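The values are calculated or read from the model by the stated rules, or taken from the named source; none is laboratory data. The structure presented is a predicted model; accordingly, all values stated were derived computationally and were not measured. Backbone-built Cβ (ideal geometry, glycine too); neighbour counts: all protein chains shown. What goes into the accessible areas is simple: the full protein's heavy atoms, side chains included, and nothing from ligands, DNA or RNA. Shrake-Rupley method; radii C 1.70, N 1.55, O 1.52, S 1.80 Å.
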Amino acid sequence: MPRHRLATPLSTAAALTLAGAMAATLVLAAAVARLEYDKVALAFQQRASARVQAIGQGLEEAVEVVAVTNGLFAATGTVSRRQFHDFTAPLLARLPFIQAFNYHRVVEHDARAALEAELSLQVPATSITEMQAGGGRAVAPQRARYHVVDYLEPMAGNDAAFGLNVAGNAAVMAALARATEQNGPAATGLLSLAQDTRRNSGFEVIMPVYRPGAALATPEQRRAALVGDTAAIIRASVLVQQILDRAELAVDPDMLVWVYASASADPARIVYGQGAPGAARTRLAQWLAPAAGEPLRVTLTVAGQPWHVMVDAAPRPFLSEHLGSLGTLVGGALFALLMSAFVHTLVRRSRRVQLLVDAATADLTLSNQRLIDDVVARRQAEAALQTSEQRFRQLVAMSSDWYWEQDAELRFIDITGGAGAKGGLTPDSMIGRTRWETVDGMEDSDWGRAHIARLLAREPFTNLEYATRDEHGELRWLCIHGEPLFDADQRFTGYRGTGTDITARKLTEQRIQHIAQHDVLTGLPNRSLLQDRLGQAVAYSARSGHPVWVMLIDLDRFKLVNDSMGHKAGDVLLMTIAARLRSALRDTDTVARLSGDEFVMILTEHDDEHLNPDIVQRLMDAVAQPVLLGQKEFFVTCSIGVAVYPTDSAGSGAAGLIEHADIAMYRAKQLGRNNFQFFTPAMNEEAMERVRIESALRNALERDQFVLHYQPQVNLASGKVVGMEALIRWQHPELGMVAPHRFVPVAEETGLIVAIGAWVMRTACAQTKAWQDAGLGRLRVAVNLSARQFGAANLLADIGAVLEQTGMAPELLEIELTESLFMSDVTVAVETMHGLKKLGVQLSIDDFGTGYSSLSYLSRFPIDVLKIDRSFVSDIQRDASDAAIVASIIALAHNLKLDVIAEGVETAEQLDYLRRHRCDEMQGYYFSRPLAASDFEQLLRQKQCLPSQAQHPARILA
Ligand code: C2E
Ligand code: CA
Ligand code: CA
């Protein structure tokens, strides 16, 4: 099951929780902040109001002091300087903000002197003075009226003001006028005091003093009654300081107070305050300590004079005022984080739980599915079991096999299936019996004993094949397999297995075996079975001491039959001969077909019957009986070679025997066929020589070991040499001069004859042309052509090329063919002959008379010359019929317009006979043996001739 990743980023629920809690926290913090602001603002308002109120009250009280002083004048009427001093002294001690108490006396000019005198009593030489515009004082000029500082307390520190005429001071006079008008105290604005050089450091509160007893109801009456005024010089900053000190408000560093002696915040009129209000603060400072709100500004009117009071809160660190909201914010944020973390954890846990639940569910589903699968599988298995049991029964029923079971005593207890129907057995009769009780001879046979031993060893066995007789007594081959059975305690309980009837297979095998070992055509044993039999015969011979004969039989000229009559006829011939050979022998002997027309026989000697050559003759006679092929009767002879064991085996055993028989047969062939030969060691020598020749022959041509001899051919009418036959000689360094009959057949067999023949053709033509060019006459040369050459594909081209290269006239070349050349395929042979004729050469039939049906083909062949075989010529005098044959051949040839040449003419009589019968030419020792080229040339130069009929022969020998 795939595991989901648990480490997800913040879950949605956690994020929402965080956002919600943060929002609530912000709202709450904002509300708390609001409250905090309100609280701060309220506190500020209260404290600011307290200050404003205190200042207002303090100022009123200061004015009250003047009223009290003035009350002294109103009560007593006339106040002495002494009284004024006593009255003000405690006040001055108590109220430090009062610079001085004054009594301004209104004096007409005429009373100036008196006053100056009076003043001088206090301070000598005092005169009335006035403030100068540029500062400082000067003696007052004459005025109509003076308002002179008469009483002045305390004198110390204020003495500069003593005797000062304040009538010139507009502010003082305006205040006096107002005071008179309203009949109450009136204050001036800030003034520059005579006794204080600092500018605008104080103000005066003035209250009129009237003549005692005067009516004062209206302002006119009051102005008329005015005799002076009382004034208090108040140091404004000290006053405010004192007010605040007294109210214990001065030391609060949080509250900033500014007091102006004007209607607005005029910096020129400031009497109290630290620095410039609302001084620009840095952003950081503002942020760290924001202003609590707008400063409180109040304008008071005290004794008709406006006062402006401004209270502001000192910047306070934000934190101190907003701990609640900040705490709310921080706490809320923490809470939000914790909540969201908690929610996140919850979500994660619930997800993990969900995953676990999913996994568990999947597991459950899987195991449930497995359970279902198991049930299904079990049902299928049960069904399959039933099916397979059914199938087993059906198979056993259908099959030729059967099933068997044996108990611990090896007795059959069950046999099911095809044993009875197809196996030909009777299961019922077998139950309760052991196998060896049901199979005859089993206990005595090798295989039976081995099998029983195996059963007793409790071993399994397979492919045990054995033969038995069925209920009808027929031979049955069975093949059985079996395995031992053991119970849970490993105790042997019996055997069980299967059985098959393999009779058909066995028969097929035997048939195949037979086919493999027998020749299909004749049914005789073939080479492989022959080897077997030969081995057995040799073994028997070695045991018994009786000889064994091995005969190799080769039909003479079988190829001829095959080629001329067709293969079917050849087959019939072979079958006939095979049957005859077979019937000519005893059963114990073997006849085998080796190949083609070769048969081998093995004859073993028995005590009662000795082997002798008559047997061989009997075989030859049997073969020689005529055979009917189609409509024709055919005669076949054979040549037989015999090798005898142990005499001829030469220690080489069976193999050498056939070889020796072959050599002997070869000798029989050489000896003219139709005879038999027993092998002799000398034959072996010849055979060996043949082998030597064969290998030497392969190099002879390139080593230039061949030469041509030429035997003259003489015209019988003129007696002149008209041509010659080229005859090959082999000059071998070790073998000496090898005669053609020893090597030409070998060359023929090996195919070397083609190259050798071409050499002969070339050499003969070149020689002939050379002699012609040498003026020795237009001689004809006869060249022998072997069968192999005749059949070669490029025969015509090769001869054409030789003629062209040597420049010899084609009609001077005579090609000698033998009858055997035509036997294989007449049509092809005729074609080849026509081809040769087209080249312009002459054709002759060599050894005429020795072949079959000699005369029948003559008319069909484009030949020019017949060459009567030597054997007829030599018998002319001895055998009358041969002489007759020669005469009729000559007559026949002449009828067919053919020339006739007789070869092997050795005697004058022979020559005479031939002449008489008008033979055209002769060739033979009588005139000349074959000569080396130089000798032949000499013969030509000497112009030797055949003597006329009457004359003695001029014998010329090479
Ligand atoms: P063949 O074609 O019948 O040649 C004639 C043979 O008769 C020659 O034997 C010759 O020497 C021999 N002969 C001639 N006159 C007399 C006579 O008066 N009395 C006796 N007894 N013999 C006589 P040779 O030279 O030993 O040749 C034997 C055979 O070898 C030839 O028989 C021929 O079949 C074959 N042969 C020779 N040369 C060639 C060749 O160049 N090519 C082929 N294919 N075969 C050749
Ligand atoms: Ca010849
Ligand atoms: Ca011949």
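Couple of notes before you dig in:
- Exposed-site-free run, longest, the chain (rule: chymotrypsin sites (Phe, Trp or Tyr not before Pro); DSSP loop; at most 14 other C-beta within 10 Å): 1-634
- Spacing of the two label points (7 Å from each Cα toward its C-beta) at M737 and L326, in nm: 15.2 nm
- Intensity falloff of segment 828-888 expressed as log10 I(q)/I(0), Debye formula with alpha-carbon point scatterers, at q = 0.29 Å⁻¹: -1.23
- Solvent-accessible surface (1.4 angstrom probe) belonging to M339, in square angstrom, nearest 10: 70 Å²
- Förster-model FRET efficiency, 60 Å R0, Q877 and T508, C-beta, rounded to 0.05: 0.30
- Taking trypsin sites (Lys or Arg not before Pro) across segment 702-803, the ones in a DSSP loop with at most 16 further Cβ atoms lying within 10 angstrom of their Cβ are R703, R778.
- Span per principal axis, largest first, for the Cα atoms of segment 751-885 (Å): 47, 36, 28
- Folded to 0 to 90 degrees: helix 567-584 orientation relative to the chain principal axis, Cα: 70 degrees
- Selection of trypsin sites (Lys or Arg not before Pro), segment 851-913, meeting DSSP coil and at most 14 other Cβ within 10 Å: R878, K897
- Remark: the Q354-S192 segment gains 49.1 nm on full extension, using 0.36 nm per residue and subtracting the alpha carbon distance.
- Where segment 744-843 is the region considered: accessible area per residue in Å², 1.4 Å probe: 40 Å²
- Against the rule of thumb 2.2 N^0.38 Å, how large the Cα Rg of segment 184-258 comes out: 1.55
- Difference of contour (0.36 nm per residue) and Cα-Cα distance, T361 to A542: 55.9 nm
- Accessible-area value, V347, 1.4 Å probe, nucleic acids and ligands omitted, Å²: 30 Å²
- Segment 548-613: C-alpha gyration tensor shape, a/c 1.5 cut-off, then a/b vs b/c: prolate
- Gyration tensor (alpha-carbon) shape descriptor, segment 688-795, a/c threshold 1.5: prolate
- All lysines inside 28 Å of K506 as judged from Cα atoms, apart from same-chain residues fewer than 8 positions distant: K422
- Separation of the alpha carbons by more than 24 angstrom is noted, of K568/K867; K837/K897; K632/K837, for K568/K867; K632/K837.
- Percent carbon-and-sulfur accessible area, the chain, ignoring ligands, DNA and RNA, probe 1.4 Å: 55 percent
- Taken over the chain, the percentage of Cα pairs per 10 Å bin, counting from 0 up to the bin with the maximum distance, is 2, 7, 9, 8, 7, 5, 4, 4, 4, 3, 3, 3, 3, 3, 3, 4, 4, 5, 5, 6, 4, 2, 1, 0, 0.
- In straight-distance terms, cross-link reach from K669 covers every one of the lysines whose alpha-carbon lies under 21 Å from its own, apart from those fewer than eight places away in the same chain; here that gives K559.
- I876 sits among other residues whose Cβ lies under 13 Å from its own Cβ, and their net charge, with Lys and Arg +1 and Asp and Glu -1, is -4.
- Solvent-accessible heavy-atom area per residue, rounded to whole Å², over segment 291-449 at 1.4 Å: 62 Å²
- Using a Förster distance of 60 Å, the FRET efficiency for D110-A43 (Cβ separation, nearest 0.05): 0.40
- Taking 7 Å steps out from each Cα toward its Cβ at A23 and I515 produces label points 10.2 nm apart.
- Computed from the C-beta positions of E459 and V396 and an R0 of 30 Å, the FRET efficiency is 0.75 to the nearest 0.05.
- Within segment 676-708, GluC sites (Glu not before Pro) in DSSP loop having at most 11 other beta-carbon neighbours inside 10 Å: E702
- Solvent-accessible surface of segment 877-918, averaged per residue with a 1.4 angstrom probe and all protein chains in place: 52 square angstrom.
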